[in-house]
1. Taking into account only those residues within segment 149-158 that are under 18 Å from SER224 (Cα atoms) and surrounded by 24 or more Cβ atoms within 10 Å (Cβ to Cβ), which is farthest from the ligand (Cβ to nearest atom)?
2. Can you confirm whether segment 192-206 contains a residue that is open to solvent by less than 30 Å² (accessible area, probe 1.4 Å) and without any contact (Cβ under 8 Å) to a residue 40 or more places away in the chain?
3. Anything in segment 326-336 that is open to solvent by 10 Å² or more (accessible area, probe 1.4 Å) and touching a residue at least 40 places away in the same chain (Cβ under 8 Å)? List them, or say none.
4. Taking only segment 172-189 into account, find how many residues are under 25 Å from ILE7 (Cβ atoms) and either within 14 Å of the ligand (Cβ to nearest atom) or hydroxyl-bearing (Ser, Thr, Tyr) (or both).
5. Can you spot a residue in segment 168-176 that is among the aliphatic types (A, V, I, L, M) and surrounded by fewer than 23 Cβ atoms within 10 Å (Cβ to Cβ)?
6. So which strands (runs of 3 or more DSSP E) are wholly in segment 34-117 and hold at least 2 residues that are under 24 Å from the mean Cα position of the chain (by Cα) and at pLDDT 95 or above?
7. Before we move on, is ARG296 of a type outside the set (A, V, I, L, M, F, W, C), touching a residue at least 40 places away in the same chain (Cβ under 8 Å) and open to solvent by 10 Å² or more (accessible area, probe 1.4 Å)?
8. May I ask you to list the residues in segment 254-273 that are touching a helix residue (DSSP H, G or I) at 6+ places or on another chain (Cβ under 7 Å) and surrounded by fewer than 22 Cβ atoms within 10 Å (Cβ to Cβ)?
Amino acid sequence: MKITNDIRYVGVNDHDVDLFEGQYPVERGMAYNSYVVLDEKVTVFDTVDQNFVDEWLGNIKSLLGATAPDYLVVQHMEPDHSAGIAAFMAAYPTAKIVSSGPAFAMMVGFFGTDWADRKVVVKEGDTLVTGKHTFAFVGASMVHWPEVIVTYDTCDKVLFSADGFGKFGANDIEDPEGWDCEARRYYIGIVGKYGVQTMNLLKKAAGLEIKTICPLHGPVLDTSETIGHALQQYTTWASYAVESEGVLIAYTSVYGHTKAAVEKLAAALKAKGCPKVVVADLARDEMFETIEDAFRYGKIVLATTTYNGGIFPFMKTFVHHLTERNYQNRTIGFVENGAWAPQAARILKGMFENSKNITFAANTVTLKGALNATSEAQIDALASELA
Ligand code: FEO
């Protein structure tokens, strides 16, 4: 696939993976992108997952024939991109690796060597000239690992963005939801904790004229409209700003009483004009879709039972996923249920004690089993407060 006159796609699609990075369901597969830049010196950007190294080397061979690449730029050492380094270096014994100092240290950890006599260490501000192309390296530490660099091709105005601007899903299946949904789930899930570092990268990117973004996952972005939209969405996500007005209600329910309260609350919110109400069953719905929605909307309600002196396990896991991703700038309401000593709201508030700029709703709904007139009135009050 041709990206520009000189840049070709040599990545692969993975339709076998069930859980990307060991936890994210990817029902439409995953793409591991890799690119070749044709010039006086030939440069390959990143490798692929271990199960696709032969296919990837075949793609390079089909493109280059007998020509050997001169450089392999390694922007990120996570194994979904780095697993092919050793095979590449064996296949092309004259090639050099261009990467950051911390990445070479990681190569020793993964491969037992950093190819010391074939390595070119680069850092922010360094460039590599391959003929008419000059690659400028930009530090992108913690987007998504500490060694990450991204690369700007000053000739074709292309940003090789590593994990940035990636999305879940293979590239040979059209995503019926478009770019945003799986790009958001990917960003929030994988990079969400590192908003500050992502904002730093976005500030650097703002100074560049970018005609094309070549990420390591998902489609190449090659129009001003798609690039502008992606930059805008990343700015919202990385700054933990509210993307959409609405309320997410995330619940667990053991015998259906808490669920009944949630359904009543959802109906009341809609009746009072709330622009969007999303309801998620944490035991059954895909957890990372719900995490994505928690970061998307400005208000969430957590509805759960007291359990073993704490809260129900799926809710505990959910809140842990939020707080470890620096959840902030949101309003949170509670529906708690406990047959003899409801205390979920108190415990949940404590779980957010280190989160920034969290506002707790003034109204809490408390059930001791089933709904009654008191808890129904509390639901109405909470709905009025949040709608
Ligand atoms: Fe796509 Fe952080 O690896």
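1. ASP153
2. Looking for residues that are open to solvent by less than 30 Å² (accessible area, probe 1.4 Å) and without any contact (Cβ under 8 Å) to a residue 40 or more places away in the chain, one finds at least one in segment 192-206, hence yes.
3. Once the filter is applied, which keeps residues that are open to solvent by 10 Å² or more (accessible area, probe 1.4 Å) and touching a residue at least 40 places away in the same chain (Cβ under 8 Å), segment 326-336 yields ASN326, GLN328, ASN329, THR331.
4. The total comes to 4.
5. Yes, segment 168-176 has at least one match.
6. Because the criterion is at least 2 residues that are under 24 Å from the mean Cα position of the chain (by Cα) and at pLDDT 95 or above, the strands (runs of 3 or more DSSP E) in segment 34-117 that meet it are 71-74.
7. yes
8. Once the filter is applied, which keeps residues that are touching a helix residue (DSSP H, G or I) at 6+ places or on another chain (Cβ under 7 Å) and surrounded by fewer than 22 Cβ atoms within 10 Å (Cβ to Cβ), segment 254-273 yields LYS264, ALA268, LYS272.
The values are calculated or read from the model by the stated rules, or taken from the named source; none is laboratory data. Keep in mind that what you see is a predicted model, and the values were worked out from it rather than measured. Counting neighbours? That spans all protein chains shown, and the Cβs are built from the backbone with ideal geometry, glycine included. The area values use the complete protein model at the heavy-atom level, side chains included, leaving out ligands, DNA and RNA. Shrake-Rupley method; radii C 1.70, N 1.55, O 1.52, S 1.80 Å.
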